[in-house]
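A quick write-up on the structure given underneath.
Derivation of every value follows stated rules applied to the coordinates shown; laboratory data play no part. As the structure is a computational prediction, the values presented were derived from the model and not from experiment. Because the Cβ atoms are built from the backbone with ideal geometry, glycine has one as well, and the counts that use them run over all protein chains shown.
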Amino acid sequence: MDTTILVQLVINGILLGGVYALAAIGLSLIFGVSGVLNLAHGEFLMLSGFLVFVLHDTFQWDPFLLVALVAPLFFLVGYAFEKALIRPLAARKEHVRLASAVLVTLGAALIAEDFAAFFSQDVQFEKSVDLFLPTLVIGELYLPSLKLVVFFLVMLLILALFLFLKFTFLGLAVQAVTQNRQGAMLNGINTTRINAIAFGIGTMLAAAAGGFEVIHSYVAPNIGLPLTMKYLCVIVMGGLGSFVGVALGGIIIGLGESIVGFFHPAWGQTVAYLLLVGVLLIRPKGLLGT
């Protein structure tokens with residue numbers, strides 16, 4: 001392979017992996033705090049992307065401004081989702097609660113997909129924001145400015161989440177519940193409220209990723225569940241409990257999709273699962289798992 005093409009594919013893969021990492025970190029946060037595998041996570045991304053598209057198409061507002069407006073709205077959606085559908089399961093035995101939560105979130109995902117397909121009139125309905133930024137040319141390399149801006153904003157959001165968890169009282173409470181729920185309860189932390197907040201933050205990150213997705217790529221009604229499965233690969237590959245590992249896993253899967261998809265587009269979507277198996281054979285706990 002020509003070196004220029006390889007470098008170009010690596011750059012594209014890193015930029016793609018950044019969005020994967022952002023949404024996967026949100027899913028990892030929800031699972032780490034509540035122990036619930038939210039299979040509707042990708043659907044929140046899809047719905048956010050559609051909302052950004054519709055608002056931009058209707059009012060011609062700046063799409064990046066719309067992401068900043070829509071993402072906090074989805075914090076409330078995630079908070080209400082946990083309170084209405086997940087919290088009523090808390091009183092059940094653990095194995096029943098976990099199985100019920102999977103079924104509830106899967107049902108919510110299918111409903112959201114059908115809802116979007118109904119209003120778009122076609123499950124193959126694909127939309128993206130019509131936004132153009134001039135491509136940066138460095139020698140023989142072409143750097144997509146739009147994806148560079150998205151990647152920069154993704155890194156800022158991940159950094160903001162890290163600082164929130166590390167240096168705020170609420171963030172420390174979230175970490176405490178993640179590490180030891182019983183100990184957190186004994187220290188007076190309202191774990192029920194923290195569960196809802198974690199769902200809200202995780203959903204907000206998915207919504208931000210959905211806004212970025214419709215800006216530099218596209219959204220369609222049927223992308224939610226496949227993306228959720230891909231985010232699970234990212235989380236397990238990076239290591240449960242490690243946000244840095246999840247971010248690294250997202251970049252690796254983005255690189256794999258970019259390079260493999262260049263030669264065999266049909267295998268581009270499968271590479272995430274192959275990489276997951278390869279990493280777990282060498283590191284059963286994930287790249288940075290403990």
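Against the definition (touching a helix residue (DSSP H, G or I) at 6+ places or on another chain (Cβ under 8 Å), within 20 Å of Ala208 (Cα to Cα) and not small (Gly, Ala, Ser)), how does Phe152 come out, yes or no? Don't jump to the end; show me each part of the working.
On the way: touching a helix residue (DSSP H, G or I) at 6+ places or on another chain (Cβ under 8 Å): no; within 20 Å of Ala208 (Cα to Cα): yes; not small (Gly, Ala, Ser): yes.
For Phe152, the condition - touching a helix residue (DSSP H, G or I) at 6+ places or on another chain (Cβ under 8 Å), within 20 Å of Ala208 (Cα to Cα) and not small (Gly, Ala, Ser) - is not met.
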(message) What pairs come out if I take residues in segment 1-19 that are without any contact (Cβ under 8 Å) to a residue 60 or more places away in the chain and pair them with residues that are surrounded by 13 or more Cβ atoms within 10 Å (Cβ to Cβ) whose C-beta lies under 6 Å away, six or more apart or interchain?
(response) none
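For segment 216-235, enumerate the residues that are among the polar types (S, T, N, Q) and either touching a Leu at 6+ places or on another chain (Cβ under 9 Å) or under 16 Å from Ala272 (Cα atoms) (or both). Break it down stepwise before answering.
Residues of segment 216-235 that are among the polar types (S, T, N, Q), as a first pass: 217, 222, 228.
Across segment 216-235, the qualifying residues are Ser217, Thr228.
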(request) Check off (1) under 19 Å from Leu37 (Cβ atoms); (2) part of a helix (DSSP H, G or I) for Gln175 and give me the number that stays unchecked. (result) (1)
(message) When the residues of segment 182-226 are narrowed to those that are assigned to a helix (DSSP H, G or I) and among the hydroxyl-bearing types (Ser, Thr, Tyr), which ends up surrounded by the fewest Cβ atoms within 10 Å (Cβ to Cβ)?
(response) Thr192
(request) Could you check, for segment 261-280, whether at least one of its residues is small (Gly, Ala, Ser), within 24 Å of Val7 (Cβ to Cβ) and buried (at least 20 other Cβ atoms within 10 Å of the Cβ)? (result) yes
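Just to check your reading of the model, which residue among Val67, Val96 is surrounded by fewer than 20 Cβ atoms within 10 Å (Cβ to Cβ), in contact with a helix residue (DSSP H, G or I) (Cβ under 9 Å, 6 or more places away or on another chain) and β-branched (Val, Ile, Thr)? Please lay out each step first, then the result.
On the way: Val67 fails: surrounded by fewer than 20 Cβ atoms within 10 Å (Cβ to Cβ).
Exactly one of Val67, Val96 is surrounded by fewer than 20 Cβ atoms within 10 Å (Cβ to Cβ), in contact with a helix residue (DSSP H, G or I) (Cβ under 9 Å, 6 or more places away or on another chain) and β-branched (Val, Ile, Thr), namely Val96.
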(message) Being of a type in the set (Val, Ile, Thr) and surrounded by fewer than 14 Cβ atoms within 10 Å (Cβ to Cβ) is the filter here; which residues of segment 155-178 pass it?
(response) Thr168
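If only one of Leu240, Leu227, Leu281 is among the aliphatic types (A, V, I, L, M) and over 23 Å from Gly78 (Cβ atoms), which one is it? If you could, list the steps in order and put the result at the bottom.
Numbers: Leu240 fails: over 23 Å from Gly78 (Cβ atoms); Leu227 fails: over 23 Å from Gly78 (Cβ atoms).
Just one listed residue meets the conditions, Leu281.
With over 22 Å from Leu47 (Cβ atoms), in contact with a Leu (Cβ under 9 Å, 6 or more places away or on another chain) and in a loop (DSSP other than H, G, I, E, B) as the only criterion, which of Gly254, Gly245, Gly249, Gly286 stands out?
Details: Gly254 fails: in a loop (DSSP other than H, G, I, E, B); Gly245 fails: in a loop (DSSP other than H, G, I, E, B); Gly249 fails: in a loop (DSSP other than H, G, I, E, B).
Sole residue among the options that is over 22 Å from Leu47 (Cβ atoms), in contact with a Leu (Cβ under 9 Å, 6 or more places away or on another chain) and in a loop (DSSP other than H, G, I, E, B): Gly286.
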(message) Just checking, does segment 54-69 include any residue being under 19 Å from the mean Cα position of the chain (by Cα) and free of Cβ contacts under 8 Å to residues at least 40 places away in the same chain?
(response) yes
